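> Below is the structure I would like to discuss, written out as structure tokens.
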Amino acid sequence: MIGRLNHVAIAVPDLEAATAIYRDTLGAQVSAPQPVPEHGVTVVFVNLPNTKIELLHPLGEKSPIAGFLEKNASGGIHHICYEVTDILAARDQLVKQGARVLGDGTPKIGAHGKPVLFLHPKDFCGTLVEIEQV
Ligand code: CO
């Protein structure tokens with residue numbers, strides 16, 4: 001069902017410092033910060049030849065990553081995103097197999113303008129999984 005690894009998202013307490021690490025220390029190509037208010041984050045995209053890293057920083061009052069950063073003060077891997085071709089078919093198959101989809105199960109439009117869903121980390125080896133329709 002899942003296809004390519006679309007991105008790895010890393011929550012960071014200091015977006016400028018994290019961007020500098022990826023741009024200057026690691027020599028990667030990075031984007032300008034992009035606010036995604038509907039997901040409560042500001043994102044910097046790090047473009048690698050085979051995938052992307054997304055540096056996430058809380059935006060607004062109810063950011064879903066604020067609690068994560070409280071528990072992980074220096075930041076950490078927040079989720080990984082796999083591509084699927086049909087998100088509703090993928091959701092239905094996952095639910096049938098007992099996986100829990102977060103929220104009301106309706107795909108939201110993600111940071112790339114495509115439908116996404118998040119799956120409960122307890123059902124996936126302790127990792128928050130995002131699926132994105134490409
Ligand atoms: Co993501």
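Each reported figure results from applying straightforward, stated rules to the coordinates on display, with no laboratory input. Keep in mind that what you see is a predicted model, and the values were worked out from it rather than measured. Because the Cβ atoms are built from the backbone with ideal geometry, glycine has one as well, and the counts that use them run over all protein chains shown.
> Across segment 74-86, in residue order, what do the Karplus-derived ³J(HN,Hα) couplings come to in whole Hz, using 6.51 cos²θ - 1.76 cosθ + 1.60 with θ = phi - 60° and x for Gly and Pro?
In residue order, the calculated couplings are 8, x, x, 5, 9, 7, 10, 10, 10, 8, 10, 8, 9 Hz.
> Also: Given Cβ point charges of +1 (Lys, Arg) and -1 (Asp, Glu) and nothing else, what value in debye, to the nearest 20, does the dipole of segment 1-69 about its Cα centre take?
Charge dipole of segment 1-69: 260 debye, to the nearest 20.
> Give me the dipole magnitude in Debye, nearest 20, for the chain about the Cα centre, with unit charges on the beta carbon: positive for Lys and Arg, negative for Asp and Glu.
260
> Which ³J(HN,Hα) values in Hz, rounded to whole numbers, follow from the phi angles of segment 18-34 under the Karplus curve 6.51 cos²θ - 1.76 cosθ + 1.60, where θ = phi - 60° and Gly and Pro get x?
With the stated coefficients, segment 18-34 comes to 5, 4, 5, 4, 6, 6, 8, 6, 8, x, 9, 8, 10, 8, 6, x, 10 Hz.
> Running a GNM on the chain with Cα contacts under 10 Å, which residue among Ile21, Ile77, Ile65 ends up with the highest mean-square fluctuation?
Between Ile21, Ile77, Ile65, it is Ile21 that shows the largest mean-square fluctuation.
> When the convex hull of the Cα atoms of segment 5-133 is projected onto a plane and the area is averaged over all directions, what value comes out in nm²?
Taking a quarter of the hull surface, the average projection is 8.0 nm².
> While we're looking at this one, here's another question. Under 5 Å between amide hydrogens, which residues at least 5 positions from His78 or on another chain qualify, with H placed 1.01 Å from N in the peptide plane?
For His78, the qualifying residues are Ala9, Ile10, Ala11.
> Amide H to amide H, which residues 5 or more places from Ile65 or on other chains are under 5 Å from it, using H placed in the peptide plane?
Correct list: empty.
> So between Val36 and Lys62, what do we pick up on full extension, going 0.36 nm a residue minus the alpha carbon distance?
Gain on stretching Val36 to Lys62: 8.1 nm.
> Provide the three semi-axes, in whole Å and in decreasing order, of the ellipsoid equivalent to segment 1-57 as defined by the square roots of 5 times the Cα gyration tensor eigenvalues.
They are 18, 16, 9 Å, listed largest first.
> Return the calculated 222 nm mean residue ellipticity for the chain, to the nearest 500 deg cm²/dmol, obtained by summing -39500 (n - 2.57) across DSSP H runs with n ≥ 4 and dividing by the residue count.
Value at 222 nm, helices only: -4000 deg cm²/dmol.
> If you don't mind, another one. Which cross-chain or sequence-distant (5 or more) residues have an amide H under 5 Å from the amide H of Val36, H modelled 1.01 Å from N in plane?
Val41, Thr42, Val43
> Along the Cα-to-C-beta direction of Ile109, a point sits 7 Å from the Cα; which residues of segment 33-47 have their amide N less than 18 Å from that point?
Residues passing the 18 Å test: 34-43.
> Rounded to whole Hz and in sequence order, give me ³J(HN,Hα) for segment 41-54 from the Karplus expression 6.51 cos²θ - 1.76 cosθ + 1.60, θ = phi - 60°, writing x for Gly and Pro.
Residue by residue, segment 41-54 yields 9, 10, 10, 10, 8, 9, 8, 10, x, 10, 6, 10, 10, 10 Hz.
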